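Worksheet: the structure to be examined is printed underneath.
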Amino acid sequence: MRFDRIRLRNFKPYDDTDLQLADGVTVIHGLNGSGKSSLLEGCFFALYGGKALDETLEDVISNGEDECDVDLWFTHDGGQYHIAREIREYGGTPSTTKCVLERTDATGDDAVTIEGATDVRAFVTELLRMDAEAFVNCAYVRQGEVNKLIEASPTDRQDMIDDLLQLGKLEEYRERAREARLGVNDVLADKRGGLNELESQIEQKEAQNLHERRNALQSDLDEIDAEIDRFEANKESAEETLADAEEILETYEERREQVESVAEDIDELEDDIADTEREREVLRDRITETRDRIESLEDDVDDLLAETEIEQASEETIADRQDALTDRESTLRDEKTEADQQAKMFTTQADNLESRADELEADAEGNRAEADELETEADRRAQQLADQREQIASMAEEIEGLKSEFDDAPADFGEAESHLAELKSEREDLRSDQQAVSRELNTLQQSIEEAERLRAEGKCPECGQPVEDSPHVESLADDRERLDELQAERDDLAEERERLDEQIERAEELADVESEVATLRQNRENMQELLAEKESNADEKRETAETRREEANDLESEADEKRDDAETLREKAETKREEADDLADRLETVDAEQETLDRLDTKLDAITDAEREIDNLRDKRESLADLNDERRDRLADLRERRTELQDAVDDEEIDSARAEQERAESYLEKVEPKLEELRERRDETQSKIGGVEADIAQLEELREQYTALETRVDRLESLHAETERLEAMYGDLRAELRQRNVGKLETLLNETFDLIYGNDAYARIRLDDSYELTVFQKDGSALDPTQLSGGERALFNLSLRCAIYRLLAEGIEGAAPMPPLILDEPTVFLDSGHVSRLVDLVEEMRDLGVRQIVMVSHDEELVGAADDLVTVEKNATTNRSSVRRERGATVAELESLADD
């Protein structure tokens with residue numbers, strides 16, 4: 001597997017970063033806190049999402065942003081893949097809004113598209129054969145976790161390595177088999193108990209002689225049914241006799257009810273005839289009252305007619321007079337409206353003229369006030385002009401005084417800026433010389449310290465061999481002499497730096513003087529221009545003041561004319577108001593006559609309505625007379641029908657029917673309780689038969705259940721034995737595979753450790769079946785890895801990590817494409833000697849076929865061993881990081897980058 005490209009947007013310190021990665025060894029280089037590790041975390045997060053985080057989603061989004069994108073392109077087992085993750089913050093809570101994995105080189109059946117964070121993580125786990133935890137335990141040595149496997153407890157270390165070697169699945173399968181065995185055992189015990197219970201229930205049912213009990217109950221039921229049939233036949237005969245008697249009595253009742261109904265109809269008709277006659281008398285009285293009302297209305301018409309100018313009261317004459325009055329009213333109303341409008345218009349015009357006169361007078365007063373202000377302002381500006389002329393003269397003297405500071409200066413006036421630039425350039429060159437001397441001095445000091453340590457141990461400082469008879473014993477003295485020279489050179493450069501700093505400070509003061517002179521000259525020119533403008537402006541203000549006084553006089557004259565015109569218009573308005581009042585009186589006369597005509601028309605309508613009412617009352621009275629004649633004919637018919645019904649009743653037949661009814665009702669009262677008793681006995685017997693039959697059916701069902709359960713118990717016993725064998729098989733297989741892998745892993749671990757730490761101190765490393773690690777010294781004594789020094793423990797752990805990595809790559813289910821080997825700050829616990837061995841380890845892993853190794857480090861030796869260099873820089877202003885890839889950089893270039 002190989003990481004091809006990583007793109008980050010708003011991820012931790014990265015604003016928008018896109019980085020291409022290649023085969024070989026890539027070192028990510030930069031200052032502490034610049035964001036080097038965040039690049040690797042971005043790759044890890046792209047693969048496994050939230051499972052790759054030690055923090056929350058909120059922490060991966062850059063400060064001040066509310067969204068984040070991470071894209072990773074990688075190649076695995078010949079396929080090319082792209083994972084895109086998007087995080088968006090809504091309501092203060094971040095969540096993954098997009099997670100898609102695609103195989104970008106596939107078509108047709110090879111195409112792969114996975115959506116959703118959970119599904120993508122599951123696909124990556126299956127594709128790489130490791131989850132997020134296995135990834136960091138094998139391929140990703142995170143910062144500060146270099147000793148994780150050594151410091152882990154034996155149980156945790158065993159679980160970690162078993163999971164990496166895919167043995168954890170066998171333990172998982174063994175646990176599943178064990179759980180299945182225990183589950184089958186629980187079910188088997190439960191079913192055996194059920195089988196015993198069924199056997200007991202069957203024995204109890206068989207002891208009850210259920211079939212004999214059912215036959216006896218059936219005989220009792222047949223006898224009860226025969227007796228019920230006899231009583232029901234007698235009951236049916238009695239019910240027929242009762243029905244015949246009730247029919248005769250019902251016919252008698254119907255005829256009696258008919259006689260009563262006819263009698264009621266006769267009484268009702270007699271009452272209706274009397275009521276109708278009374279209603280006819282009332283109608284006759286209402287006709288008389290209506291005639292009296294008509295006479296009163298005719299008198300009112302004569303009185304109203306006298307108040308009008310018409311001679312006859314008819315609809316036509318009233319309508320003609322109303323039309324004439326309407327026309328007259330319209331004419332008068334139009335004339336009044338016109339008079340009112342003219343009066344209002346004259347008044348408005350007069351008000352407007354007086355308002356305009358007030359405005360003109362106010363404007364005149366304002367012009368005079370403005371003239372006074374203009375003259376005052378002209379006098380004030382004349383005084384300002386005198387003050388500014390004095391300031392201009394003072395500026396000229398100040399300029400000459402500043403220029404005199406250049407009399408004894410190292411630069412002429414006008415050349416201070418260029419002189420300052422030359423001094424700063426000289427100081428930059430001096431700073432570069434200081435940095436070069438400091439780097440050489442630090443390197444030489446470290447070399448001398450290491451040499452003194454080795455010499456104290458009795459070894460040559462250069463070759464590390466015993467110091468006796470070594471040709472290099474005098475090199476340490478040469479290094480100390482060179483160290484003294486460098487320290488003297490460093491002190492000389494420091495003195496030269498102080499001298500330059502003093503000259504630069506003086507040059508900066510001269511440059512400030514030049515800048516101040518330029519500012520004063522510009523201010524003097526600006527004040528001279530303003531002076532000319534203000535002199536012209538003062539004269540203009542005096543001329544404007546004279547003009548404003550003349551305008552004020554003209555405005556007062558115009559205001560007097562406007563007031564005279566307003567008085568004339570008010571007199572015209574009063575004349576029009578008097579004319580409107582006269583027209584209003586004439587309109588009132590017309591309105592009064594119109595009202596009289598309306599009343600007269602109303603009286604005539606009332607007379608017409610009263611005459612129509614008399615005609616209606618007469619018609620209704622005649623209709624009531626006809627109705628009573630019809631009722632009298634109906635009354636005669638009803639009296640004849642009542643006589644016929646009374647003659648049709650037979651008293652002897654009715655008495656006989658009543659006697660039969662009593663006898664039948666008496667028998668039915670007695671037979672019904674008897675039948676109820678027999679039916680209850682029948683129901684009870686049938687219920688008993690049903691209970692016995694249910695017991696018989698239950699017995700058969702219990703026998704069937706027993707047979708089925710007996711068969712299932714046999715199967716469960718067989719399944720229990722099979723799960724026992726399966727559990728033992730998985731345990732034996734895990735132990736066998738672990739032993740095989742332990743032997744291979746121990747061999748690879750010793751090869752790797754010998755490569756990076758081969759010396760006289762340690763002989764070999766032992767790894768037992770429980771992954772317990774022991775280091776043996778040359779003298780045969782055993783050490784726990786935790787007893788090693790910090791650097792040795794770090795190299796030991798890296799050896800174990802690389803050995804596991806090699807074992808996985810060389811075969812679990814055949815060779816597998818492994819992920820990149822990622823080392824985040826692996827030198828944190830290493831001194832310079834151990835770093836060299838780490839470089840050897842990296843070279844060895846590359847030679848063994850590890851396609852891609854990515855390291856985060858600022859160690860120059862690791863940087864020098866890299867095929868590609870990625871430099872990470874952080875902008876101090878925006879606090880955002882950026883990356884720059886330096887392919888194939890030389891050692892000198894890398895040292896320059898480190899100095900920067």
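Need one number: % antiparallel among DSSP beta bridges in the chain, to the nearest 5.
Working: 52 of 69 bridges.
Taking every DSSP beta bridge within the chain, about 75 percent pair in antiparallel fashion.
So if R0 is 22 Å, what FRET efficiency would Ala456 and Leu31 give, r being the distance between their Cβ atoms, rounded to the nearest 0.05? So, using R0 = 22 Å, E works out to roughly 0.05.
Spin-label model, Ser153 to Thr241: label points 7 Å out along the Cα-to-beta-carbon direction sit 10.4 nm apart. Sorted ascending by nearby beta carbons within 10 Å, beginning with the fewest, Met818, Met527 become Met527, Met818. Remark: Arg9, Arg599 ranked as Arg599, Arg9, counting other beta-carbon atoms within 10 Å and listing the fewest first. Net charge near Arg612, counting Lys/Arg +1 and Asp/Glu -1 over other residues with Cβ under 14 Å of its Cβ? Counting the neighbours of Arg612, the net charge comes to -1. Taking 0.36 nm per residue of sequence separation and removing the Cα-Cα distance, the Asp225/Ala362 pair yields an extension gain of 36.3 nm.
Label sites at Glu710 and Arg549, each approximated as a point 7 angstrom past Cα along Cα to Cβ, lie 14.4 nm apart. Over the residues of the chain, the helix contribution to mean residue ellipticity at 222 nm works out to -26500 deg cm²/dmol, using -39500 (n - 2.57) for each DSSP H run of at least 4.
With a cut-off of 14 Å on the backbone N, no residue of the stretch 212-241 is near the modelled label site 7 Å out from Asp683 along Cα-Cβ.
With Rg and Dmax of the Cα atoms in Å in mind, check [x] 29.0, 92; [y] 63.7, 173; [z] 33.2, 106 and report the label derived from this structure. Step by step, Rg and Dmax of the Cα atoms in Å for this structure corresponds to label [y].
Take the residue pairs Lys51/Lys98; Lys541/Lys562; Lys51/Lys744; Lys12/Lys98; Lys744/Lys778 and return only those whose Cα atoms are more than 28 Å apart. Pairs exceeding 28 Å: Lys541/Lys562; Lys51/Lys744.
With r defined as the distance between the Cβ atoms of Asn215 and Lys670 and R0 fixed at 30 Å, what FRET efficiency is calculated, to the nearest 0.05? Working shown, then result.
Details: r = 34 Å, r/R0 = 1.15.
Efficiency for this residue pair is about 0.30.
A full extension of the chain between Arg284 and Thr747 corresponds to an added length of 152.5 nm, given 0.36 nm per residue minus the alpha carbon distance.
Computed over neighbours whose Cβ is under 10 Å from that of Leu773, the net charge equals -2, Lys and Arg +1, Asp and Glu -1.
Each Cα pair under 8 Å and six or more residues apart adds its sequence gap; the mean of these over the residue count of the chain is a relative contact order of 28 percent. Rounded to 0.05, the FRET efficiency of the His82 and Glu525 pair, given R0 = 51 Å and the Cβ-Cβ distance, is 0.15. For the pair Glu232 and Asp303 in one chain, pulling the backbone fully straight at 0.36 nm per residue adds 15.6 nm over the alpha carbon distance.
The modelled label-to-label distance for the pair Asp585/Gln777, using points 7 Å beyond Cα in the direction of Cβ, is 14.6 nm.
Here, each number is a calculation from the coordinates, and none is a lab measurement. From a predicted model like this one, the values you see are computed outputs, not experimental measurements. With ideal geometry, Cβ positions are generated from the backbone for all residues, glycine too; neighbour counts draw on all protein chains shown.
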